[in-house]
Amino acid sequence: DGFHADSARLLIAAAGEKFQVYPEELKVKLEEEFITEDTIYQLGISVRDFLYKETLADLSVKSVLTFRTKYPKSPFENALIFKRDSMVFMKVRAENSIPGYQNFLSEFPISSFRPKADSLLDELRYQDLAEDGNLRDYLKFRQSYPNSFRTKEVEEYILKISTASHSSESLINFINLAKTEVWKKRAADVL
């Protein structure tokens, strides 16, 4: 009471450090006043909890970063990371752009929202690809994004366009380059 929470945090930390080096007779006198290492620690915990509640009340990427900087190993770490990632992901999702998802994935590589961001990014890339229908772009897509969720659709299109002549050579080329067994088998059946 009577102190700004950040000032209190710093004063309590300083008191805890000083308490460690005090002579035993001074520690005994302080204990008579109910000042112990544990009471100093508990006071620090109450300030941390207060600052956590303030962080939640004014939730932003900056406030989460500030709290995590002050209390790097707090029990609230996972909850704050989830809240921060959720906040950022909702903004990125509202924007729904390839650069937005790419930035999110590079900035938060271990986020619990990574699978969803990967999926949405892959879908946007595929939509851009499907607009043109250019075989060269489909081949480039398959090469650039080998783990795409749309590999089957991409290979289906590549098979359809690249083997339109029904020549043995085009089918053999497709079989040699295809990534999915389903479409290799389909080309082999046609061959």
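Taking 0.36 nm per residue of separation and subtracting the current Cα-Cα distance, fully stretching the chain between residue 78 and residue 144 would add 20.4 nm. Using the Stokes-Einstein relation with a Kirkwood hydrodynamic radius computed over Cα pairs, the translational diffusion coefficient of the range 39-189 at 20 °C and a viscosity of 1.002 mPa s comes to 113 µm²/s.
Report, in debye and to the nearest 20, how large the dipole of the range 97-166 comes out about its Cα centre when Lys and Arg carry +1 and Asp and Glu carry -1 on their Cβ.
Working: 9 positive and 11 negative charges, 37 e Å.
Magnitude of the dipole: close to 180 debye.
Within straight-line reach of residue 73, meaning a Cα separation under 15 Å, sit the following aspartates and glutamates at least 8 residues removed in sequence or on another chain: 49. The simple spin-label model puts a point 7 Å past each Cα toward its Cβ; for residue 123 and residue 54 those points are separated by 4.0 nm. Straight-line reach from residue 152: taking Cα to Cα under 12 Å and skipping same-chain neighbours fewer than 8 places apart, the aspartates and glutamates in range are 181. Per residue, the accessible area of the chain comes to 67 Å², computed with a 1.4 Å probe over protein heavy atoms only. Given 27/83; 116/179; 83/140; 27/70; 62/179; 116/160, which pairs have Cα atoms separated by over 32 Å? Beyond 32 Å between Cα atoms: 27/83; 83/140; 62/179. The share of accessible area on the chain that comes from carbon and sulfur is 55 percent, using a 1.4 angstrom probe. Rounded to the nearest 500, the 222 nm mean residue ellipticity of the chain from helices alone is -24500 deg cm²/dmol, with -39,500 (n - 2.57) taken per DSSP H run of at least 4 residues.
The values are calculated or read from the model by the stated rules, or taken from the named source; none is laboratory data. Note that the coordinates shown come from a computational prediction; the quantities given were computed from them, not determined experimentally. Positions of Cβ are generated from backbone atoms using ideal geometry, with glycine treated the same way; all protein chains shown enter the neighbour counts. Surface areas here come from the heavy atoms of the whole protein model, side chains and all, with no ligands, DNA or RNA. Shrake-Rupley method; radii C 1.70, N 1.55, O 1.52, S 1.80 Å.
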